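The structure under discussion appears below in the form of C-alpha cells.
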Amino acid sequence: MFNWFRRNKDSDKEQVKQDTPPASETQEEVVEEKQEEGESSASQEQYLEWAKTAFANIQKQKAGVETEPEESQTVTEDEQSATGQEEETVTESGEETPQGEMVAEVPEEEEETPEMEENVPAWMQKSDRLETLKESAIDTTEEELDEDFMWSAQVLASQGRSADDVSMEEFEWLKKLRQGLGKTRRNLINQLKSVVGQGPLNDDAVMEIEALLLSADVGIEATEYIINTLQEKLREEALPPEEAIAYLKQILQTLLDKPLENIEDKTFEPQEGKLNIWLLTGVNGAGKTTTIGKLAHLAKSSGYSCVIAAADTFRAAAVEQVKVWGERTDTPVIANPGKNTDPAAVVFDGISAAIARNADLLLVDTAGRLQNKKNLMEELAKIRLIIDKKAVDAHVESLVVLDATLGQNGLRQAQVFSEAADLTGVVLTKLDGTAKGGVAIAVSQQLNLPIRFIGAGEGIEDLRPFSSFEFVEALLSQ
C-alpha cells in the first residue's frame, strides 16, 4: 500500500539536492565552464536511465498483479484435470511423472518441443519468458517515456528518490500538476527568460517582471521580495537565462517553505497512537465538501481508517453531499437528520463514533459562511470546546479550503477565516482551471500558513499532499 503522506518523509535528501546547485556555482568558474556541457549531457543520460529503470519496475509491478490470478487459475485447472488424465503424465522416454508435483507439469509441456531442452533446468526456462517480457517492456518504454514522464522522472530523481521505490500514481499526479499549472507557466516562463537573461534588471525589466508576477496573483508583497532578491543576485554576477530561472525557483520555494520554519515536524500526516481531528473551513463554493471526500479517499488508500462528521448543518444539501462522498469512499458519515441542528452536537457524535471504531482520522465539515464573523467565531469556538472535553489527547488541525481560481479575492476570504479560526494550514483547490497559480505564494507570504494539500482536477485522485519543490518545478519548468 502506497502511503502518500510519507512519500517525502526523507526531506533531508530533498534539501541536499536543492542546496547543491547554488553552492557549486560559487566554486571555480573556469573549471565549471569547461565541464558544463559534459555534465549537462551526462545528467540527461542519467535521468533517462533513471526513467527507464523506474518504468521497467512499474511494468513489473503491473505484470505481477495481473499474472497472480492467472497463475492461480492455471493451478486449479491442473488440479481438476490431474485425476482424469493420469495416463497423459507418461513422457516420451517412458518415465512417469509423480502425480503430486503439479508445478512440474508446466515445464514438461515446454520440453515436448525441442529435444535440446530436455535437460535444461526449469529456472532457465522461466528466464526465457522473462526475456520475452523484457523485450515487450522495452518496446512499451519507447511509447510511454513521453515529455511528461521524463519531466516527472527528473523531479522525483532530483528529490533523491530511488527508481525502485516510485509508483505510477506519483507519475500520474505530477503529470496532472504540470498540466494544471500550464496556464500560469505559459504566461511566465518565456517572458521571464527573455528578461532575466540580460544582466542586472533595469526599470523596464523590473516593471515587466512585476506585471507578470501580479498577473499570476503572486501578490504585491511577494512580488517585491522576489524582484529585490533576484536583483541582488544579478548585480553580483551575470547569469544566463537558465541559471536565472533556477535561482528564481529557489526564491519561490523559500517563500513557500517559510511558514514551516517554526514547525518542528515539517511533514503533515495523521499521528500514530491517537485520534487526529481535522477541521475544514472555507467559503461556500471553494470545494470544501469535495475536499473532505478526497481527503477521506487519500487517507484510506494510504492505510488510515477514517470517519467524517457532517457539521455544516446550515447549508442546504451540504449533509447529503457529504453522505454521497462517504458512499464513494466507503467512509462512515456521522450526521444529524434534523435541519439547522447544532454543529457542535454533530462533532460530539463524530468523536464518539471515531473512538468507538478506533479510527485514525476524523474529518469535520464546518461552516462556510462569512456574513457574520462573530457567529462564525462563536460556532468554531464551541466546536473546539467540545473537542477539548471529549477528545483530550486528540491531535487537532484546522485547515481552510481556498479556491485558486479566485486569486486575491479568495485570499481575502481566507484572511477572514484566519481571524475567526485558529488555522494551521491551507488546502488549495482548482489549480487546473486557472492562470493564477501564483496565489499559492501569496498565501504563504501574507497568511504565513503552510499549504498542506493541493488539488489539480475533479477526480477523486486529484488531491495530494503539497510539495513546494514539485510545485515550483511545475510552475517554472521548460
Task: Pairs of Cα atoms farther than 16 Å apart, the range 182-260, % - done: 47
TODO: Specify whether the C-alpha gyration tensor of the range 365-478 places it in the rounded, prolate or oblate class, a ≥ b ≥ c being the square roots of the eigenvalues: rounded for a/c under 1.5, otherwise prolate if a/b is larger than b/c and oblate if not.
DONE: prolate
Task: Positive-end extreme of charge dipole, the range 276-466 - chosen from Tyr304, Val392, Leu411 (charges on Cβ) - done: Leu411
Task: Once the Cα gyration tensor of the range 276-466 is diagonalised, semi-axes √(5λ) in Å - done: 24, 19, 15
Open item on the list: Give me Asp360, Asp257 sorted ascending by neighbouring Cβ count inside 10 Å, so fewest comes first.
Closed with: Asp257, Asp360
Task: Cα gyration tensor shape for the range 230-373, rounded if a/c is under 1.5, else prolate or oblate - done: prolate
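Here, each number is a calculation from the coordinates, and none is a lab measurement. As the structure is a computational prediction, the values presented were derived from the model and not from experiment. With ideal geometry, Cβ positions are generated from the backbone for all residues, glycine too; neighbour counts draw on all protein chains shown.
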